[in-house]
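Report on the structure given below.
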Amino acid sequence: MMLTNLKKFLIITAGTIGFLLTISFLFVKSNSFFSRSLLEERVITIDPGHGGIDSGSSHAGVTEKDITLAISKVIAAELEKHGASVILTRTDDTDLWNEVSIEDEINYTKREYQEDLELGRSIDPRDKGIALGNRRPPTYRLGLRARLLKAEANKSDILISIHTNHFRSESAKGAVTLYQPHSLYSQRLAIAIQNQLNSLLPGRNAPGIIADDFFILRRSKIPTVIIEIGFVSNKHDREFMLSDEGQQAIANAIARGIEEYFKGL
Ligand SMILES: [Zn+2]
């Protein structure tokens, strides 16, 4: 009797342990599968703003082009960890101005101007001037065009341009995400990212997304946002953006935001 009970007990215990192990294995497996799948097979272009001759804004010896490159590399690593394939438009201190010729830029602009006319879109006076030959494309525009072409050539799902903000008053602080007014997907992406950044780098104007017509937003054919991570002119933002912990926290927040965006598609 004793022996039978012991046998029963052992069988039940072994069975229970086996069952629990199987369940926890499946749980861990499905969980990691779930968290990876949202970014897996996604192609994401990260654009570290400015570079080379173009330093962007600067304050207290800190330049925008250096911060954007450092943070973009951490963001890229974080996204890759989640299975995304990431393209950086630059990996060193270069402005990309010599990657597109003036002639090519004029031709791109002519084509876009024609398209704007046909589709009845509002015409940007700068684009019109270049298309009609009354205006020479500014050199920095060649670098911006090069960034767009890289995102398109790699068939990216989204393009994220990383910048920092600057203001004459040191009290201005916090993250802001700019989106393409003509693209609902760009707006959704901006909301998803800004939702994650709000608690990390709070600003004064929640919710912190703004429609804008900067060249890269105006001309990108894929959902694109510009993230102004924080104010280089604000002590807290600047120190946060320069620290390893801050950069990792920013990268985590942006990766979560991008995941949320893809989840909602
Ligand atoms: Zn900038």
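Each reported figure results from applying straightforward, stated rules to the coordinates on display, with no laboratory input. Being a predicted model, the structure only gives us computed values, none of them experimental. Positions of Cβ are generated from backbone atoms using ideal geometry, with glycine treated the same way; all protein chains shown enter the neighbour counts.
Along the chain, counting only trypsin sites (Lys or Arg not before Pro) with a DSSP assignment other than H, G, I, E or B and at most 13 other Cβ atoms inside a 10 Å radius, the longest segment between sites is 1-120.
When DSSP beta bridges are restricted to pairs lying wholly in the chain, around 30% turn out antiparallel. By the Cα gyration tensor, region 160-265 has an equivalent ellipsoid whose semi-axes, rounded to whole angstrom, run 22, 16, 11 from largest to smallest. Calculate the FRET efficiency for S85 and L149 from the Cβ-Cβ distance with a Förster distance of 25 Å, rounded to the nearest 0.05. Here the calculated transfer efficiency is 0.90.
Once the C-beta distance of A14 and S199 is scaled by a Förster radius of 41 Å, the resulting FRET efficiency is 0.30 to the nearest 0.05.
Helical runs assigned H by DSSP (4 residues or longer) give the chain a calculated mean residue ellipticity at 222 nm of -18000 deg cm²/dmol, each run adding -39500 (n - 2.57) before division by the residue total.
Once the chain from A77 to H182 is taken as fully extended at 0.36 nm per residue, the excess over their C-alpha distance is 34.8 nm. Counting 0.36 nm for each residue step from D213 to D104 and taking away their Cα separation leaves a gain of 37.1 nm. Straightening the chain between R111 and K221 buys 38.2 nm, computed as 0.36 nm per residue apart minus the Cα-Cα spacing. Shown here is the pair-distance distribution of the chain: with all Cα-Cα distances grouped in 5 Å bins from zero up to the longest one, the shares run 1, 6, 11, 15, 16, 14, 10, 7, 4, 3, 2, 2, 2, 2, 1, 1, 1, 0, 0, 0, 0 percent. Volume of the convex hull of region 63-135 (Cα atoms only), normalised per residue: 153 Å³. Report, to the nearest 10°, how far helix 2-37 tilts away from the longest principal axis of the Cα atoms in the chain, using its own Cα long axis and a range of 0 to 90°. The helix 2-37 is inclined about 0 degrees to the chain. Inter-label distance, D93 to R126: 2.6 nm, where each label sits 7 Å from its Cα along the C-beta direction.
Listed by chain and number, the lysines whose alpha-carbon sits under 30 Å from that of K150, ignoring those within fewer than 8 places in the same chain, are K65, K73, K81, K110, K128, K221, K263.
Relative to the longest principal axis of the Cα atoms of the chain, the long axis of helix 244-263 lies at roughly 90 degrees. If you plug the beta carbon distance of F167 and V62 into 1/(1 + (r/R0)^6) with R0 = 22 Å, you get a FRET efficiency near 0.90.
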